[in-house]
């Protein structure tokens, strides 16, 4: 990394849905969807640029059969109550049923100080208010309450997935009311598929921001933004506002296409916010874009406007020079 906070992108090759967590031990912990979708892998490094060549450790492998045997998607690592948790989605088949994949959400737990170990315990399915296709869970704590945000199909709502929020009883169990946050409704959210997925939470400037991704996973993939005041009831749907326009889209100039499924971290000196996202170096030429492993993990610093809202700019163009 140079003094202007630019990164040697991509920071990790062929890892869609990249998740980076910077821990108190000074390490960046990285996970993402592994091509073939049959395992969960962790790596760590002291800098984001060093993640590319860091040792890779497989901490969990798909079952030979059953509900956790196929299409292991979008793992995220979190540190909650002095234990590590990885949330991910898995299916019983690699084939859709009635044009919908059969994923459900699961959690595994590790009590070791270093999560790059074999001591991960399955905590089972994270059950929601509907028994339907669901994925892309993330968690955050606010005012000492743990929240869970995820994407799910509601058979009563047209489209592939909406975003929801709920409180948690513990890191693998929801409690109380589930609130619908957003459905795919704008033109940019409904290209190819009607999708709202991949939420990530950022707490800044008196607000709770949730980014998410929309449309098909090709060059049309783009990021949207929700926000609520930090003092509001986060389970009240009226607390949330949604941007009518995307906040991060493909860059023809920089040859980065379909940016999205992001996470947030901090720079090595803890002075800047960093957006972690996947993008393709070219448009998807043929076939199902999910079968194309060329979604690479990228990092770029971003800033905030005079109203305190994040400004992500263009993929490949840092705003912190």
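Largest mean-square fluctuation among 56, 97, 153, in a Gaussian network model of the chain whose springs join Cα atoms under 10 Å apart, belongs to 97.
By the count of neighbouring beta-carbon atoms within 10 Å, fewest first, 168, 105 end up ordered 168, 105.
Build a GNM of the chain with springs between Cα atoms under 10 Å apart, and of 119, 162, 262 the one that fluctuates most is 119.
Between residue 233 and residue 204, what is 0.36 nm times their sequence separation minus the Cα-Cα distance? Round to one decimal in nm.
8.8 nm
Between residue 177 and residue 266, the modelled label-to-label distance comes to 3.4 nm, taking each label 7 Å out from Cα in the direction of the beta carbon. The label-point distance for residue 61 and residue 81, in a model that sets each label 7 Å from Cα toward Cβ, rounds to 3.1 nm. Students often get this wrong, so try it: which of (i) 19.6; (ii) 22.4; (iii) 20.4 is Kirkwood radius over Cα pairs in Å as calculated from the structure shown? Read-out taken from this structure: (i).
Arrange the peptides 140-148, 241-249 so that the one whose residues have, on average, the most other Cβ atoms within 10 Å appears first.
Working: 140-148: 14.9, 241-249: 16.4.
The most tightly packed comes first, giving 241-249, 140-148.
Kirkwood radius and radius of gyration were both taken over the C-alpha atoms of segment 176-321, and their ratio Rg/Rh is 0.97.
Here, each number is a calculation from the coordinates, and none is a lab measurement. Note that this is a predicted model, so its numbers are computed, not measured. Backbone-built Cβ (ideal geometry, glycine too); neighbour counts: all protein chains shown.
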